[in-house]
Amino acid sequence: MKVVFMGTPDFAVPTLEAIYNNGHQIPLVITQTDKQKGRGKKVTPPPVKEKALELGIQVHQPHNVNDKETITMLKEISPDVIVVVAYGQILKEEILNLPKYRCINVHASLLPRYRGAAPINWVIINGENRTGVTIMEMSKGLDTGDMLLKEEIEIGQDETAGNLHDRLMSIGANLLTKTLNELEKGNIVKVPQNDEESTYAPIMTKSLGKINWDKCGSEIKNLVRGTQPWPGSFFEYEGKNVKILEVDVDNKFKEGKNGEIVKVNKDGIFVNVEDKCVIIKRIQFPGKKAMSIEEFLRGNKFECGISLK
């Protein structure tokens with residue numbers, strides 16, 4: 001097949017590689033523009049651009065993918081299919097309808113559940129025990145197109161969004177190449193989504209990670225897992241936002257209100273919450289390295305009786 005690839009972050013790279021390694025022709029990769037990153041504001045290319053150049057594929061980085069120049073390029077190439085993975089711009093119908101096999105998307109959830117920008121984070125925050133990848137034919141609506149193939153997996157009890165991201169990007173790459181092969185053979189049966197079963201996974205923000213100690217222990221643990229590695233979860237202590245990197249849950253202490261530190265030892269900081277006791281096991285202060293509570297207590301202390309915010 002002649003494939004135009006659109007993608008930007010790490011999640012999209014294995015799919016680009018898989019298409020290339022399966023012998024499909026990739027005349028063009030379209031990705032977002034280079035961005036300034038880090039404290040030094042160094043201009044950095046997106047991961048997909050780096051991989052495309054490594055593979056010797058032409059790269060195009062339009063500010064607006066629907067501009068006249070890009071559409072002219074696509075018409076001249078006349079791709080069989082456009083594969084879109086976490087690209088970051090909305091395609092107009094003129095592009096959606098251009099390829100023979102349309103534009104198809106790798107979405108990291110079991111559609112129609114968790115449409116939107118952050119399905120990997122939200123399945124964990126919401127305490128789901130299963131998720132997966134859906135290959136979908138793109139339409140005008142947000143993640144509303146007909147489904148082509150799906151693969152479902154279990155979510156580990158202690159799995160973070162970062163761990164799940166890495167598993168799903170590999171699954172998505174394999175499922176996408178399988179979809180291309182089956183499309184060519186005419187074996188794909190398109191399945192419309194049931195909008196009544198749909199849910200939405202909005203974009204993540206830093207404020208979502210603030211711990212509410214009046215929540216249940218499982219909810220707090222899910223928030224910590226679901227916000228790793230970004231935006232991270234945190235509590236306020238002595239005017240600073242302290243990141244929580246790992247927690248566990250145990251029985252609630254009889255004494256102590258919600259948010260109160262009820263015990264501190266090398267195993268963690270024990271904080272009473274609505275129904276349980278949350279054990280904070282790894283933290284990171286601003287500008288400091290991440291450390292276990294055992295490491296932290298070698299030169300610092302947390303007092304019992306303090307109420308965390």
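The values are calculated or read from the model by the stated rules, or taken from the named source; none is laboratory data. None of the values given here were measured: they were computed from a predicted structure. Note that each Cβ is placed from the backbone with ideal geometry, even for glycine, and that neighbours are counted across all protein chains shown. Side chains are part of the model used for accessible areas, which takes the heavy atoms of the whole protein and leaves out ligands, DNA and RNA. Shrake-Rupley method; radii C 1.70, N 1.55, O 1.52, S 1.80 Å.
The figures follow:
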{"item": "Any hit, region 211-232, residues being aromatic (F, W, Y), farther than 30 Å from R102 by Cβ, touching a residue at least 12 places away in the same chain (Cβ under 8 Å) and surrounded by fewer than 16 Cβ atoms within 10 Å (Cβ to Cβ)", "result": "yes"}
{"item": "Any hit, region 164-182, residues being touching a Gly at 6+ places or on another chain (Cβ under 9 Å) and not in a helix (DSSP H, G or I)", "result": "no"}
{"item": "Any hit, region 6-28, residues being open to solvent by 50 Å² or more (accessible area, probe 1.4 Å) and farther than 25 Å from I135 by Cβ", "result": "no"}
{"item": "Which numbered condition M204 misses (of (1) touching a Ser or Thr at 6+ places or on another chain (Cβ under 6 Å); (2) closer than 30 Å to D146 by Cα)", "result": "(1)"}
{"item": "Test: M204 is among the aliphatic types (A, V, I, L, M), crowded, with 17+ Cβ neighbours inside 10 Å and in a loop (DSSP other than H, G, I, E, B)", "result": "yes"}
{"item": "Qualifying residue in region 33-45 (condition: assigned to a helix (DSSP H, G or I) and assigned by the TED database to the domain that holds E184)", "result": "no"}
{"item": "Within region 186-201, considering residues that are at negative phi and among the small types (G, A, S), the one least open to solvent (accessible area, probe 1.4 Å)", "result": "A201"}
{"item": "Test: residue in region 132-140 that is in the same structural domain as N181 (by the TED database), loosely packed, with under 15 Cβ neighbours inside 10 Å and not acidic (D, E)", "result": "yes"}
{"item": "Cross-chain or 6+ apart pairs with Cβ under 7 Å, region 75-86 first and farther than 17 Å from G172 by Cα, then among the β-branched types (V, I, T) and buried (at least 22 other Cβ atoms within 10 Å of the Cβ)", "result": "I77/V4; P79/V3; P79/V4; D80/V3"}
{"item": "Strands (runs of 3 or more DSSP E) wholly inside region 226-280 containing at least 3 residues that are closer than 30 Å to Y114 by Cα", "result": "233-237, 240-251"}
{"item": "Some residue of region 101-123 being over 19 Å from the mean Cα position of the chain (by Cα) and polar (S, T, N, Q)", "result": "no"}
{"item": "Selection status of G88, open to solvent by 30 Å² or more (accessible area, probe 1.4 Å), closer than 30 Å to K206 by Cβ and among the small types (G, A, S)", "result": "yes"}
{"item": "From the options E255, E303, E294, E236, residue that is under 23 Å from A161 (Cβ atoms), acidic (D, E) and loosely packed, with under 14 Cβ neighbours inside 10 Å", "result": "E236"}
